[in-house]
Amino acid sequence: MYRFKAKVIPGRRRGRRIGFPTANLNIVNLLFAHGVYLVKVTLDNKIEQGLMHYGPKKTFNEEISREIYLKNFNENIYGRTLAVEVIKKIRDIRKFAGPEELKKQITKDLQELDRED
């Protein structure tokens, strides 16, 4: 579908606080619509599966973010470059009532990722 490379940069660590740590990306303009996507990420010749959020953080009334949650991954990768392959869009960006509702939706999104295995 679409491929790009981006460097991992520090974020606000909100994902970590709600149980879904993300890699924030330094890339500015992506050439596809805002949404949540299934992705494959190559790092050190190893492929990891994940979810990418690209768009405004409506729940927190914040600007556009580009961030990836990698399934079953727990390494410090700040400053590293990721090769990202976008597989498919699974949903549009929505505003949730709060962090708990967002966590429930991310859990549902991860079920989509499991279906791709």
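Each reported figure results from applying straightforward, stated rules to the coordinates on display, with no laboratory input. All figures in this text were calculated on a predicted structure; none of them were measured in a lab. Glycine gets a Cβ as well: all are built from the backbone with ideal geometry, and neighbour counts include every protein chain shown.
Results, tabulated for the structure shown:
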read-out: Some residue of region 69-78 being touching a residue at least 60 places away in the same chain (Cβ under 8 Å), of a type in the set (Phe, Trp, Tyr) and either touching a strand residue (DSSP E or B) at 6+ places or on another chain (Cβ under 9 Å) or more than 17 Å from residue 21 (Cα to Cα) (or both); value: yes
read-out: Whichever residue in region 42-60 is over 23 Å from residue 108 (Cβ atoms) and of a type outside the set (Val, Ile, Thr) and, among such residues, is surrounded by the most Cβ atoms within 10 Å (Cβ to Cβ); value: 43
read-out: Search result, residues across region 54-104 that are closer than 22 Å to residue 8 by Cα and of a type in the set (A, V, I, L, M); value: 64, 68, 70, 77, 82, 83, 84, 86, 87, 93
read-out: Test for residue 66: is it surrounded by 19 or more Cβ atoms within 10 Å (Cβ to Cβ) and either of a type outside the set (A, V, I, L, M, F, W, C) or out of contact with any strand residue (DSSP E or B) (no Cβ under 7 Å at 6 or more places or on another chain) (or both); value: yes
read-out: Long-range neighbours under 8 Å by Cβ, at least six apart or interchain, first residue under 19 Å from residue 72 (Cβ atoms) within region 10-25, second crowded, with 18+ Cβ neighbours inside 10 Å and of a type in the set (S, T, N, Q); value: 15/22; 16/22
read-out: Number of positions in region 18-40 that are closer than 18 Å to residue 96 by Cα and in a strand (DSSP E or B); value: 3
read-out: Qualifying positions in region 84-117 - among the hydrophobic types (A, V, I, L, M, F, W, C), farther than 19 Å from residue 39 by Cα and in contact (Cβ under 8 Å) with a residue 60 or more places away in the chain; value: 102
read-out: Residue, surrounded by the fewest Cβ atoms within 10 Å (Cβ to Cβ), within region 9-41, restricted to residues that are within 17 Å of residue 83 (Cβ to Cβ) and more than 14 Å from the chain's Cα centre (by Cα); value: 31
